[in-house]
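Report on the structure given below.
The values are calculated or read from the model by the stated rules, or taken from the named source; none is laboratory data. Predicted model only: the values in this text are computed from it and were never measured. Cβ placement follows ideal geometry from the backbone for every residue including glycine, while neighbour counts extend to all protein chains displayed.
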Amino acid sequence: MMIVSKIKCALLVLLAVHSVHATTIPDNKGPPKPPPGPPGHGPPVHPPPPPPSPTHSTKPSSTSSSRTSSVSTHFSTPPASLNVPASFSAGPHFSTDFLKEFYPGFGPTQTSVEPQPIITDPVSHSVFPLDLTNPKTIPTANLKDPVVLPPSLLSPNSPIIISPQTNLSTPGSIELRNIIFDEIKDILTNTTKAFTSTCGQCISSLALLKQLALTAPWEVPPILVELCEFTSTSAFGSCAAEFSANSDGDVTTQVIANADVTGVDGELMCARGIIPLRKSCPTPPPIDLTDILKTWFKKPKPANYDAPKPSGKTPLRVLHLSDLTLAAPGQTILPAPRYGAYECDTPWLLADAVMHAIPSLTGINTALDKDGKPATFGIFTGDLTSHDNDNQLGRDYVKYVEVSVFSLFKHYFGDIPFYAAMGNHDTWPQAFDAPHSLQPAALGNEFEWDYGHLADLWQTEGWISEQVAAVSKKEFSAYSTITPFGLKVITINTDFWYTGNGMLRFLTDELQEAEDNGQRVWIVGHVLSGWGTSNALGNGPNLFYQIVDRYSPKTIAGIFKGHIHDEVRYLYYKNNGTVMDADSAVAVTMVGGSVTPLAGLNSGFSMYEVDPETFDIMEAHVWYANVSEFSDLDHKGQGVTYRYEYSTRDTYGVDFDWPETSPLNATWWHKVTESFEQNPDLVNQFNHNQGRQSPLTQNCTSTECVTAKVCYMRSGSPQLSARCNQGFTSVQA
């Protein structure tokens, strides 16, 4: 996701939308009896009718379920079977029922600064220092963590791992850099008229950069900064902030040194704008999988590969959280509301509020089976760390956020097991990982510090075993484990959307083992394989689609992702989607909406009612907090209110017959897309649910938008998504 400046975050307060109409959604179910709220917070309250009032409660009464304008406040009542309140309001200050110690001047009742709780790493048993998050000491450059460069072929004894303060430049290497920069300038301006395409210009420039990366790799970060400034590339913060050696410059140098820059690698780099040479090549087609698939699967797909029948038993309650992205305190020009704003990551106060709201609103902490054992678990589909520039972050800060967030999960959700996937923001530098095959070993092991810390943390919290943690350290934070209920959960690192690193080999082998053992599987990841063309490169998702087809619908019971912050769903069909109908739909991906309000979305979370034997989703519920209300809370004795948003079955299953005892499987979701084709109002409702009723969400009423949404939902790979109009994938402002 995009990087957002502190100033933009603060200024958004001035752009809040208040002049929009509220719409209510009908619900014929009686209100449940509200359980008591967690300690330290106010009691649950039911949502009021317009105009909003934080203490009055009533049942919605509107008879219209379609939206024709942006929605500011949405009211709905959860089904009585959940026995939960319709809303929950947090207390006005940071709770001290878990985090009890704070740094001086950053206590829980402060209103002008964010609280700064004292966090101890349960893995290393060390305390994270205040300087790591103190707004007055946020670094403008990471001067602590090592710079890792590829080896120089001309200077084999040159160091690979250096301090950010180390200067390896010599008069000769600087002269070489200047010569290559001048040559690339001539290529990009086409001074000699030798190029007939911008793609050729980019590839030729890459070839020169590779020469520099192989001879004087320490000169590549400064030339990237120069090229960024020369091409006026839109950088995250500034050209120096993005491409300096102690930000993304060192790993970008590794990419250039190891890539086949005159082949498909180069075409992809120039198509995606990975380096500051402008997006100048068409995206190359994915590789032909014919030969790969001949030997990829160890066994052919069995005949009669239907999913098991529903058990009819009381469902499990499964929490789905995604993209929390805890905000890094910054030096503020104009302050945002204490609970956050539409261009901000999640501040501590909002994280505290959502942790208190979830147990009350979902009932997960009190869900028990017939034997009195917990009947619930949770999944987290990645992204813990803020969307700040890499030069402002570092290894210690990433560890701090990992510990902070997962410690919150452990405390507020108790002994409920949580299964987490690594997001692209969950390492440093962000969105980078290194295959173990990279040589020398210092390159292939560059991110071992993070894989190890996450695995040890998950083991310490009691969510995975020592054996599973050992696998996770080897598999780039991916792992496979069996839940107490018998479901197999496979988490994958979707930063690796290609075959060479073994991630999809690991997934396939685990699925085959599950099939052999008669187990059902949930796949948990972060970056989407479908719904658009911008999230992943083509080769990995193309193979992933074939894997899903092979093991669905009998073995794969669910696929869960995050990353885009929007809440969406998309389908997989037999035979690469050559026929897209209800009979050929085999699997669906549930993309969880984000806790963070970035960018222009309301904060939210989901809970699924899940068959305890088949592990199919029987119902999906969503809750949200209206971020446009946050500015009014700064001086009130009340915190953020999370409200029930909608029931998936009741909202989207209105136009076709479907047994209450049948799951919301791929067939059901395909029928939803057929309803969308006939009922554009339902598409507009889906569109507003995508942003969780954000007042910044534009309506989706045009034929182009309606058609595009249906197309996205039927596209489980970038190749299929390329058929769709790409202008409507997100509702972000």
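One table, with the values for the structure above:
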{"item": "Options Val654, Val672, Val622: the member that is in the same structural domain as Cys700 (by TED's automatic domain parsing), of a type in the set (A, V, I, L, M, F, W, C) and surrounded by 24 or more Cβ atoms within 10 Å (Cβ to Cβ)", "result": "Val672"}
{"item": "Any pair with Cβ under 7 angstrom, 6 or more apart, that starts in the stretch 433-453 at a residue that is closer than 20 Å to Ala470 by Cβ and ends at one that is at pLDDT 90 or above and aromatic (Phe, Trp, Tyr)", "result": "Asp433/Phe447; Asp433/Phe476; Ala434/Phe447; Tyr451/Phe476"}
{"item": "Output for the stretch 211-223, where each listed residue is buried (at least 20 other Cβ atoms within 10 Å of the Cβ) and either of a type in the set (Phe, Trp, Tyr) or in a helix (DSSP H, G or I) (or both)", "result": "Leu212, Ala213, Pro217, Trp218, Glu219, Val220, Pro221, Ile223"}
{"item": "Test: residue in the stretch 567-574 that is part of a loop (DSSP other than H, G, I, E, B), buried (at least 24 other Cβ atoms within 10 Å of the Cβ) and among the charged types (D, E, K, R)", "result": "yes"}
{"item": "Residue within the stretch 274-286 that is assigned to a helix (DSSP H, G or I), free of Cβ contacts under 8 Å to residues at least 60 places away in the same chain and touching a Lys or Arg at 6+ places or on another chain (Cβ under 9 Å) present", "result": "no"}
{"item": "From Arg649, Arg643, residue being touching a residue at least 24 places away in the same chain (Cβ under 8 Å) and surrounded by fewer than 24 Cβ atoms within 10 Å (Cβ to Cβ)", "result": "Arg649"}
{"item": "Positions within the stretch 634-671 being within 17 Å of His356 (Cα to Cα), out of contact with any helix residue (DSSP H, G or I) (no Cβ under 7 Å at 6 or more places or on another chain) and not in a strand (DSSP E or B), in sequence order", "result": "Gly637, Gln638"}
{"item": "Tally of residues being in contact (Cβ under 8 Å) with a residue 40 or more places away in the chain and either under 17 Å from Thr651 (Cα atoms) or not assigned by TED's automatic domain parsing to the domain that holds Tyr572 (or both) across the stretch 678-718", "result": "12"}
{"item": "Residue under evaluation Ala245, criteria (1) under 18 Å from Ser155 (Cα atoms); (2) crowded, with 23+ Cβ neighbours inside 10 Å, criterion not met", "result": "(1)"}
{"item": "Selection count, the stretch 688-708, where residues are buried (at least 24 other Cβ atoms within 10 Å of the Cβ) and in contact with a helix residue (DSSP H, G or I) (Cβ under 6 Å, 6 or more places away or on another chain)", "result": "2"}
{"item": "Pair list, Cβ under 7 Å, 6 or more apart: the stretch 311-327 residue at positive phi, other residue crowded, with 24+ Cβ neighbours inside 10 Å and not in a loop (DSSP other than H, G, I, E, B)", "result": "Thr325/Thr346; Thr325/Thr385"}
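Rundown of residues vs (1) touching a Leu at 6+ places or on another chain (Cβ under 7 Å); (2) not in a loop (DSSP other than H, G, I, E, B), yes/no style:
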| position | (1), (2) |
| --- | --- |
| Asn493 | no, no |
| Glu515 | no, yes |
| His526 | no, no |
| Leu537 | yes, no |
| Pro541 | no, yes |
| Ile547 | yes, yes |
